[in-house]
Amino acid sequence: MLKLIIEDDEGRKTVVPFVRDEITIGRQEGNTIRLTERNVSRRHARLLRQSVNVLIEDLGSYNGIKVNGDRITGQVQVQDGDLIQIGDYDLAIQREEEARAAAASSATVPLDPSRAPTALATATVKLPDPGATMPSLPVVNVPEASEDDIQDLPAADEPPRHQSTAVIRIDQVAGSRPQRTVQALDANEAPRLVVLNTDFAGREFPCVRTELRIGRTDDNDIAIDHRSLSRTHCKLVREDTGEWKIIDLQSANGLMVNGEPYAQVTLRIGDVLELGHLKMKFVAAGDAVTINSGTSKVASESSRPSSSKGPLIAVVLALLVVVIGGGGYVMMKSGSTTDPKPVKPVTPVDPVVDPIKVVENPTVEPKPPDDRPKSNQVDVEQKNDKLIADAEASIASGDLTTAEGYLQQCKVGASLCPKAQAMLGQLSSEKGYLAALNEAKKALDKGDLKAAGVALDNARQTKLLKAKLTELDQQRSVAVEALVAANANKPPVVKPAQPDPNVVNEAKKAQIDKLLADAKEAKTNGTFKTAIELLQKCLSIDSKNPNCTVSLASTYATRGSKENNEEDNKRAKQLYEQFLKIAAPDDTRRTRVKDILDGK
């Protein structure tokens, strides 16, 4: 059985059984899974189960979807343990049966943080039972390792490469452990972050709490005012096991560890973190960092190298030898019969090397020499030119989501190419203009030229969608001209005069009065049939006229009494009851009618 694990930005986790072939995710009601943070779109993503595979699809969301740190376009297949990022939420797929089968056939090997990454990647990890609240959740297992597979850590100047850290462990699911509380740590035993570059090189930040937020503003636990950092860039968390984990908080410039991008990763001593352009080293308590020409090495306090003038003295001595040797040579040549050649003075070279290179603009890292083959550079440039062209074509057709996907792939090294950065900045404001243009198109299709004009006016400031705006403007102009021409050929519409309601009411009243008078005369003469026909015609004109109703009831009652006709008496009773319903409360006839119905 498939399970979907969801973690919010506070570390709370939820398990959802994957019981449908399609699951929709978004902020609005009606989605299979509703995520309520504002950076989740109303309809954000869709998960599809096809046989044994699971696909995820972006439904045109504003902030997009990342899988293992890379933003996706279209449908992408996801595997067990892949990290899916939607807004502030981290999601992962897990297959329960496979995890149980692996658990039954594998031995348990305890984790040892001092071992190599290969040990962590190949050792069997048996997680604790999640507890009574979720008894069916599986344990997570990976292939067993032998003692020969476990190696020592590489040297500190060669940072270890992390294995995939996208798996959300079941023992962290909400309900399997208590909520994490932030606690203070002993500063003498806490690890430290040491800045390796920029004007902040050499600054140290002890990790004295179990959760620390790192960012540019003062409200963070570690505040570094560097323009490449987001306001709150990431957070550093100490797990109950003693491991430290760093989590990217949807930062603009991302998080890298030892040169690899991560959304979250467990740290090891000696790891080099890159937050934007800022590099920091994760150092254990009691270790020191020597910063030299942009590199760093970990050493113990007792063996920290002191500043030495040995290299400087050696260089100076070498220069003296050259100068003295040159002078002796000149003196020897002066005794010869030929004129001596002028000796070019030797300018001593300053041997002092600044151990820390300070970059005047802290937001721009010094670029290493580009030693790539020229053919590779040409290939990258051609690829980026095609991506920009594809993005521009998508923008022209109004497909900003696809254009955004092309621009995200346009890179120079690990960074976005400058043109893509500029175009991505424009796309955020252009989405509002695109919505206005789509509204204008709908209004034109319905023939609502006024609404189309208002929507087009709302999109006048667009810079990337000028072609679409011009096209819709022309469509509206043609429709307006056609409407004007059609109205010019139509004869004026003359509406028939409406009758005066006062005149109508007076005529109806006069007709009813005439019918009542004629019916009364017929009743007096004993021609009950004629009287009844006249009163029924009266009610056909005004069915709720109390005068017509009570007169017809009286006529039926009189005829029924004289002819001993029970049917007439029943009709009379029904009409009297109807009279009581429609007569005014102050009608003096109500009392007499009630007495008749009561048999008085």
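The values are calculated or read from the model by the stated rules, or taken from the named source; none is laboratory data. Everything numeric here is computed off the predicted structure, so don't read it as measured data. Here Cβ is always computed from backbone atoms with ideal geometry, including for glycine, and neighbour counts include all displayed protein chains. Just so you know, the surface numbers come from the protein's heavy atoms only, side chains and all, with ligands and any DNA or RNA stripped out. Shrake-Rupley method; radii C 1.70, N 1.55, O 1.52, S 1.80 Å.
Note on the stretch 405-448: among residues that are of a type in the set (S, T, N, Q) and surrounded by 12 or more Cβ atoms within 10 Å (Cβ to Cβ), the one that is farthest from ILE388 (Cα to Cα) is ASN438. Among the residues making up the stretch 450-468, those that are surrounded by fewer than 18 Cβ atoms within 10 Å (Cβ to Cβ), among the basic types (Lys, Arg) and in a helix (DSSP H, G or I) are LYS450, LYS466. Which pairs turn up if I take residues in the stretch 19-39 that are basic (Lys, Arg) and look for partners that are surrounded by 13 or more Cβ atoms within 10 Å (Cβ to Cβ) and modelled with pLDDT of 90 or more with beta carbon separation below 6 Å, at least 6 apart in sequence or on another chain? Sorted first by the residue in the stretch 19-39, then by its partner, the pairs are ARG27/VAL40; ARG27/ARG42.
Those strands (runs of 3 or more DSSP E) of the stretch 164-261 in which 1 or more residues are on the phi < 0 side of the Ramachandran plot and modelled with pLDDT under 90 occupy 244-248, 255-257. When the criteria are applied in full, ASP542 meets the requirement of being open to solvent by less than 90 Å² (accessible area, probe 1.4 Å), over 24 Å from ASP598 (Cα atoms), more than 60 Å from the chain's Cα centre (by Cα) and at pLDDT below 90. Residue-level check: of (1) modelled with pLDDT under 90; (2) assigned to a helix (DSSP H, G or I), ALA497 misses just (2). Inspect all residues belonging to the stretch 518-527 and state whether any of them is within 22 Å of ALA584 (Cβ to Cβ) and either within 60 Å of the chain's Cα centre (by Cα) or part of a helix (DSSP H, G or I) (or both). Among the residues of the stretch 518-527, at least one is within 22 Å of ALA584 (Cβ to Cβ) and either within 60 Å of the chain's Cα centre (by Cα) or part of a helix (DSSP H, G or I) (or both), which makes the answer yes.
Results for (1) of a type outside the set (Gly, Ala, Ser); (2) open to solvent by 10 Å² or more (accessible area, probe 1.4 Å); (3) more than 19 Å from LYS281 (Cβ to Cβ), shown as yes or no for each residue.
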| site | (1), (2), (3) |
| --- | --- |
| GLU211 | yes, yes, yes |
| ILE214 | yes, no, no |
| ARG231 | yes, yes, yes |
| ARG238 | yes, yes, no |
| TRP244 | yes, yes, no |
| ASP248 | yes, yes, no |
| GLY254 | no, yes, no |
| VAL257 | yes, no, no |
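The single residue among ARG192, ARG203 that is touching a residue at least 60 places away in the same chain (Cβ under 8 Å), open to solvent by 30 Å² or more (accessible area, probe 1.4 Å), closer than 19 Å to ASP271 by Cα and not β-branched (Val, Ile, Thr) turns out to be ARG192. On the given criteria, is LEU483 open to solvent by 40 Å² or more (accessible area, probe 1.4 Å), in a helix (DSSP H, G or I) and either at positive phi or touching a residue at least 12 places away in the same chain (Cβ under 8 Å) (or both)? Yes. Against the list (1) touching a residue at least 24 places away in the same chain (Cβ under 8 Å); (2) open to solvent by 60 Å² or more (accessible area, probe 1.4 Å), the condition LYS537 fails is (1). The residues of the stretch 564-581 that are outside any helix (DSSP H, G or I) and either open to solvent by 100 Å² or more (accessible area, probe 1.4 Å) or of a type in the set (A, V, I, L, M) (or both) amount to a single one, ASN564. All conditions but one from (1) surrounded by 15 or more Cβ atoms within 10 Å (Cβ to Cβ); (2) within 21 Å of ASP513 (Cβ to Cβ); (3) among the basic types (Lys, Arg) apply to ARG590; the one that does not is (2). Being surrounded by 15 or more Cβ atoms within 10 Å (Cβ to Cβ) and assigned to a helix (DSSP H, G or I) is a property that SER561 lacks. None of GLU471, GLU381 is modelled with pLDDT under 85 and assigned to a helix (DSSP H, G or I) except GLU381. So in the stretch 216-229, with the set limited to residues that are within 13 Å of LEU278 (Cα to Cα) and charged (D, E, K, R), which one is least open to solvent (accessible area, probe 1.4 Å)? Checking each candidate, the answer is ARG216.
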